[in-house]
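As structure tokens, the structure follows; a few thoughts come after it.
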Amino acid sequence: MKYLSILLISLISVKPSLPLNCLTCTSEDGNNTPCEDLPEDNNITSILCPEDRDSCFASVTRIVESNKRYYRRGCCKLKDDDVDCPSNKEGHQRNSLFELWRYSCNSDGCNIDDATTRVDGTAGNVIIVKGKSGAPQIFNSLPWMLLMSILFIIS
């Protein structure tokens, strides 16, 4: 009984980590309009991100000379100078060659919004502060309830 209790407590104290699920698509100047417009009822592919990708992203790049727009959505790793999820650059950039809008987020299917209009307070500039709670996450409620039920039945 003592060893069973220790084993059960050890098993439920480990929090499972599931990969992030992001929408993924590309469109070049209107060739995949659901990727561009993306109302929630469109059938856009979503994928489970690789373990090394912790965020979803959406971006729109407009080439100044041709005025063509390129849309992209997918998984990324939030880090300095990353092409899709740079942690050290603003959500809107413009120069003589291109204009770029982008945002990243970290919940399943969160990259559904239009990157040109997605705002978190100000147009085009999205700031994401990554971090974790200082509080320990030892027990999930469902496994804890299962353990208590098993111990109640055994005793």
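The values are calculated or read from the model by the stated rules, or taken from the named source; none is laboratory data. Predicted, not measured: the structure shown is a model, and the values here were computed from it. Glycine gets a Cβ as well: all are built from the backbone with ideal geometry, and neighbour counts include every protein chain shown.
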* Asked: Is there a residue being more than 15 Å from the chain's Cα centre (by Cα), modelled with pLDDT of 95 or more, farther than 16 Å from Asp114 by Cβ and hydroxyl-bearing (Ser, Thr, Tyr) anywhere in the stretch 48-62?
  -> no
* Asked: Assuming Thr117 fulfils every condition listed in (1) loosely packed, with under 12 Cβ neighbours inside 10 Å; (2) modelled with pLDDT of 90 or more; (3) more than 22 Å from Pro19 (Cα to Cα) apart from one, which condition is it?
  -> (2)
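Of everything in the stretch 83-109 that's assigned to a loop (DSSP other than H, G, I, E, B) and in contact with a Phe, Trp or Tyr (Cβ under 9 Å, 6 or more places away or on another chain), which residue is nearest to Thr45 (Cα to Cα)?
Checking each candidate, the answer is Asp84.
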* Asked: Considering only residues of the stretch 63-92 that are of a type in the set (D, E, K, R) and buried (at least 18 other Cβ atoms within 10 Å of the Cβ), which is farthest from Ala115 (Cα to Cα)?
  -> Asp84
* Hey, does the stretch 82-93 have a residue that's touching a residue at least 40 places away in the same chain (Cβ under 8 Å), closer than 15 Å to Asn21 by Cβ and not β-branched (Val, Ile, Thr)? -> no
* To do: Under 6 Å between Cβ atoms, at least 6 apart or on separate chains: pull out the pairs that start in the stretch 7-28 with a residue that is closer than 29 Å to Asp84 by Cα and end on any residue that is modelled with pLDDT under 50 and among the aromatic types (Phe, Trp, Tyr).
  => none
